[in-house]
Amino acid sequence: MATRRRRPLGPKGQLVATIIVYVVCLGFAFAAVAAHAAAAQSSYVQGHGIQDSATVLNVDNTSSTSKGNTTWSAQVTVQLLQPVNGTTTSVVHVPYEDNSNDGDTITVLVDPNDPGYSELPGSPNTTNAAWIWLLVFSVLMLGVAVLVTRRTIRLFRQRRAARGLGAPSGTYAPY
């Protein structure tokens, strides 16, 4: 049995595809900005955080499984021994499963600008790799969006010419 060849998208279908590509590109760009903000905060805390001892109040481990690979992270609520900017409790963001028990004493780095956020010394919660990859995907999607936009414009011009309308006066259509 012969396979049927799929009919290419018409101008309206191509326009919808173009819009979808731009939305995906914007999604990657927004995700890159959010990941950059998280990486910047983590980097700041690792470099300028206020070191303090803290008592563990609660450990909330979270797992995420994708393609058979499980990654863990944790949010540990702690009571700071020395208040930072008047704040006595903080949430420690840990990039792996944390096995601390309630009542354990741990060393944390507290964000001086946001004392409710802290990390373990030497364990940044997030790195620059995530936002860089998202930015690369965003730029690649922008390249695809430009190519799809060119094709969409060409299809609309061909349709206009087929109807005998031609291009509007004073315009040049190099495509």
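Each value in this text was obtained by applying a stated rule to the coordinates, not by laboratory testing. Because the structure is a prediction, the values reported are computed rather than measured. With ideal geometry, Cβ positions are generated from the backbone for all residues, glycine too; neighbour counts draw on all protein chains shown.
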Checklist outcome for this item: Rounded to the nearest 10, the angle in degrees between the Cα long axis of helix 11-48 and the longest principal axis of the Cα atoms of the chain comes to 20 degrees
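With n ≥ 4 as the cut-off for DSSP H runs, can you work out [θ] at 222 nm for the chain, using -39500 (n - 2.57) per run divided by the number of residues, rounded to the nearest 500? Could the numbers behind the result be given before it?
Details: 2 runs with 73 residues, N = 175.
Taking each H run of at least 4 residues, the total per residue is -15500 deg cm²/dmol.
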Checklist entry - Along the charge dipole of the chain, which of 58, 8, 28 sits closest to the positive end, that is, farthest toward it, with unit charges on the beta carbon of Lys, Arg, Asp and Glu (+1, +1, -1, -1)? => result 8
Checklist entry - Which residues make up the longest stretch of the chain that has no trypsin sites (Lys or Arg not before Pro) in a DSSP loop with at most 14 other Cβ atoms within 10 Å? => result 68-162
Checklist entry - Tell me, in nm to one decimal, what length is gained between residue 159 and residue 88 on full extension, where the rule is 0.36 nm per residue of separation less the Cα-Cα distance? => result 18.8 nm
Checklist entry - Between the helical axis of 128-162 and the dominant principal axis of the chain, each derived from Cα atoms, what acute angle in degrees is found, rounded to the nearest 10? => result 20 degrees
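Just want the ordering: 53, 63, 90, 100, from fewest to most Cβ atoms lying within 10 Å of their own Cβ. List each step's numbers first, then the result.
Numbers: 53 13, 63 10, 90 26, 100 17.
Ascending number of Cβ neighbours within 10 Å: 63, 53, 100, 90.
Using the beta-carbon distance between residue 81 and residue 61 and R0 = 22 Å, what value does 1/(1 + (r/R0)^6) give for FRET efficiency, to the nearest 0.05?
Values: r = 24 Å, r/R0 = 1.08.
The computed FRET efficiency comes out at 0.40.
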Checklist entry - So how far apart, in nm, are the two label points at residue 4 and residue 22 if each is 7 Å from Cα heading toward Cβ? => result 3.2 nm
Next on the checklist: Explain nothing, just the number: relative contact order of segment 1-140, from Cα pairs under 8 Å at least 6 residues apart, as a whole percent.
Outcome noted: 29 percent
Item to check | Simple label model, 7 Å out from Cα along Cβ direction - residue 46 to residue 101, nm | outcome: 3.1 nm
Checklist entry - Between segment 9-38 and segment 56-87, how many Å separate their Cα centres? => result 33 Å
Item to check | Candidates 147, 80, 120: whichever shows maximal mean-square fluctuation once the chain is modelled as a Gaussian network with Cα springs under 10 Å | outcome: 147
Checklist entry - If the viscosity is 1.567 mPa s and the temperature 4 °C, what Stokes-Einstein diffusion coefficient in µm²/s follows for the chain when Rh is the Kirkwood radius over Cα pairs? => result 63 µm²/s
